[in-house]
Structures are given as structure tokens and as C-alpha cells.
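The block underneath contains the structure these notes are about, expressed in C-alpha cells.
The values are calculated or read from the model by the stated rules, or taken from the named source; none is laboratory data. In this text the structure is predicted, and so the values were computed from the model without any measurement. Note that we place each Cβ from the backbone using ideal geometry, even for glycine, and neighbour counts take in every protein chain shown.
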């Protein structure tokens, strides 16, 4: 391949789409959500909210939701299926914990292996009645309960746990607050404010006032645009950076400050990356990114950076063999319990391509280009969308053909990824 050129727009941000859909379903009136993520994960959220009584209509990338009001969700006659989506199951657990009916919530085989205790524990402190398999895994049974506000000091940085507690707080008596040990993405706080909830922030403390038996905070339907997903844009940043003659423009990228740490990592590696326009949309920051090919030096991602770049780590690791110094990831044990064991999946597939990899319990070290050029191989992404896309990019500059098994798993977050990558790749 020669280089990447032209323009590409990533799909709507998954994290924001999930939150907008959930809040719209609990709002009074109609919400219109434009550029909504086409990801299978977000479709799982729409299906769950529809099963809980909201009216959901999808027209291409626009979703219209007629909400049920803060007390209007109704019991589903069947178990709610979160599919492969950790965001869906964890955030929805917070919402369902405060309802006056029983719900059952599960997902696919991969999701049923992901830990839920981190969400269940604080919700139980609020009075939730939740039963989990082995007290840690889906399927979950969430029974009717009266919630009370708590102050939860999070033992680990997790936007999903924070969000579950805050969403439960909409239905709790009194004040619900969360203190984060490290900053995480703040899409839930911004979305709550957009839908009309008063969110107070004091440093690492976030708090909302619930309304207890009167229902949660009053949410109002909104007309909103979802920014492009920066985690999807990262695959194109990496691909363009690998080829010296690349000149790529990535349009409409969400540049929320809690998500742009990955751009700082690329900049520290020597990437030629520039924000060419910047604007605000519904509390979120949006811009266009210009990426040119360059020689990347590599570097180290430290433990304190991990919560802010967790979704982008597979691409960084797969980029390691194309950098001067290689890439080392530390303190990222959380990668072991994502859609797959991403540390193991990265190590196995990089070695198949001829890379030198030191796999560790909480990360890995991938040697740079001096260790030798990668060769094409058959990749097993373990049904993990980010692993599949990362190795599709790594394969662009490898010698010989790379085959991604079960490549369609990319549709969990980016259904048109391969089509978009082919369109901007000059051969």
C-alpha cells in the first residue's frame, strides 16, 4: 500500500449514543438523535429501551424516541438482551435498580464473562435488590427497591460505574455523589445536563439530587447531534501515520477533553496531527483532524493514563512494530476483562505476524521496527471488534496478505469500517 488520502467521517460516538438513548427513553416528550451510532452495541440499547416501553424509530442514522417520563418505564415481558455491550448492561442496571418492577438483564457469552460486581456493589449500598450469577456475572435479576442517595468513593476509575450510580441517583431519595480516583469520560454528566438535570461538579466530586418516590430528575426530550467517535477515528490516525505520503482529513470527531488523551499519546510519539476546526455541540467539543504520515518513535503508556485511553490501547499495541522504539503498556489489567482478554489476543496475533512481544499480567511490551518487518498472517480477533480493526490496520503495511477471521465482529462498533478504510487507502 502507498498511503491514505482524502476524507473520512467516523460513525457516531457509541458512548454518547448509549447515554442519549437511555435518557431520551426516560424523558418527557420526543427526542431526535442525529448521527446516532450504527454500532450493534447501541442497537442493543435501543432494543432494551423499546422493550421498557419507549417508542423508538430508526431512519438511517437518525433515531426518534418518544419518552416514557421519569416514572413511565414498564416491565419487559422478556429478559433484556444487552448483546455484547458492557455499557448497556452496566448503565441500564443503574436505571433498573430504581424501578418498581422486576427486570432480568443478560447478554451474549462474552458479556456474561465480564465482571458486574463493580456496579452491583455501590447500587446495593443505595438499597438495590440485585441478584447476579456467582454474585458477579450476568444474567442479572433486578427487583423493585427504594433507593437512597449515597456518597460513593470509587475504588477504581470507571466511567461505567460512575454512570450507573448517577443514573440510579435519578430515582433515589436525597443526594447521590461520586468521587473519582482519576478523571474518566464525562459524557453522562454532560448528557444529564442537556436533558435538564442539575449536575454539580466540585473537582473529582460529581453529585445530583434525586426525587425519591416522586421519580427521578425531570428529563425533557431534546434534539441532539452525536459527534463522531474518536475511538473509531484512532484506527485512521494510526493507519495514516504509518505511511509517509499520507494526508487524511477525519471529519466531525468528538474531542471531549476526557477522551483526547489518546491524541496526546500520538503527539508524544511524533504523530503529525492537527485540529483544523473546533466547535461546541450540546456540551460536547467537536472538530476535524488532519493527519499526515510520519515516522513514529513509540513510547510508554503509564498506569495513570489507562482509564482515558482504554479503548484505544489495542490499536496502539498493534502499531508498536511500526514505531522506532516500540510501545509498552503498563497497569492495564482491565484489558483482560474487556470483550476479550485483549492482552492475550494482542500478544498472540502480533506474534503470528512476527512481532516480538513480552506479555505481562497488566500489559505488554511490543518491540519496534528494529525487531523486523511484520508479515501477513491469519488473525483470530476472538470476536472482539477492536482487535479485528487494529490488525486490519497493522496488516496494511505487512509483507503479504493478512486475513481477519470473523471480520464482521467489527460491526459491534463500526459496521462500515472496512469499506471506509478501503476508500481512503491508495494502493
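Only residues that are free of Cβ contacts under 8 Å to residues at least 40 places away in the same chain and surrounded by fewer than 19 Cβ atoms within 10 Å (Cβ to Cβ) were counted across the range 381-402, and they come to 3. Would it be correct to say that residue 289 is at negative phi, in a strand (DSSP E or B) and without any contact (Cβ under 8 Å) to a residue 24 or more places away in the chain? Against the criterion (at negative phi, in a strand (DSSP E or B) and without any contact (Cβ under 8 Å) to a residue 24 or more places away in the chain), residue 289 does not qualify.
Each row is one residue, and each column tells you yes or no for (1) assigned to a helix (DSSP H, G or I); (2) closer than 23 Å to residue 260 by Cα.
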| site | (1), (2) |
| --- | --- |
| 300 | no, yes |
| 304 | yes, yes |
| 308 | yes, yes |
| 316 | yes, yes |
| 320 | yes, yes |
| 331 | no, yes |
| 351 | yes, no |
| 359 | no, no |
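Of note, residue 72 does not satisfy the criterion of being within 30 Å of residue 310 (Cβ to Cβ), over 22 Å from the mean Cα position of the chain (by Cα), touching a residue at least 40 places away in the same chain (Cβ under 8 Å) and not in a strand (DSSP E or B).
Matching residues to (1) within 23 Å of residue 21 (Cα to Cα); (2) outside any loop (DSSP other than H, G, I, E, B):
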site	(1), (2)
93	yes, yes
108	yes, no
130	no, yes
138	yes, yes
152	no, yes
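Is it the case, given these coordinates, that residue 249 is in the same structural domain as residue 418 (by TED's automatic domain parsing) and under 28 Å from residue 95 (Cα atoms)? Considered against the rule, which asks whether it is in the same structural domain as residue 418 (by TED's automatic domain parsing) and under 28 Å from residue 95 (Cα atoms), residue 249 comes out as no. Pick from the range 403-422 the residues that are in contact (Cβ under 8 Å) with a residue 40 or more places away in the chain and crowded, with 22+ Cβ neighbours inside 10 Å: which of them is farthest from the chain's Cα centre (by Cα)? Checked the range 403-422; the qualifying residue farthest from the chain's Cα centre (by Cα) is 417. Assigned to a strand (DSSP E or B), crowded, with 18+ Cβ neighbours inside 10 Å and without any contact (Cβ under 8 Å) to a residue 60 or more places away in the chain: is that true of residue 63 in this structure? Spelling it out, residue 63 is indeed assigned to a strand (DSSP E or B), crowded, with 18+ Cβ neighbours inside 10 Å and without any contact (Cβ under 8 Å) to a residue 60 or more places away in the chain. Suppose we filter the range 117-162 for residues that are under 21 Å from residue 308 (Cβ atoms) and touching a strand residue (DSSP E or B) at 6+ places or on another chain (Cβ under 9 Å); how many remain? Qualifying residue count for the region: 6.
Rundown of residues vs (1) in contact (Cβ under 8 Å) with a residue 40 or more places away in the chain; (2) within 23 Å of residue 25 (Cα to Cα); (3) surrounded by fewer than 18 Cβ atoms within 10 Å (Cβ to Cβ); (4) within 17 Å of the chain's Cα centre (by Cα), yes/no style:
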position	(1), (2), (3), (4)
142	yes, yes, no, no
146	yes, yes, yes, no
164	yes, yes, no, yes
172	yes, yes, no, no
222	yes, yes, no, no
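Checking each residue in the range 75-91 for being within 19 Å of the chain's Cα centre (by Cα) and either farther than 18 Å from residue 136 by Cα or in a loop (DSSP other than H, G, I, E, B) (or both) picks out 82, 83, 84, 85. Every listed requirement among (1) surrounded by fewer than 18 Cβ atoms within 10 Å (Cβ to Cβ); (2) out of contact with any helix residue (DSSP H, G or I) (no Cβ under 7 Å at 6 or more places or on another chain); (3) modelled with pLDDT of 95 or more is met by residue 320 save one, (1).
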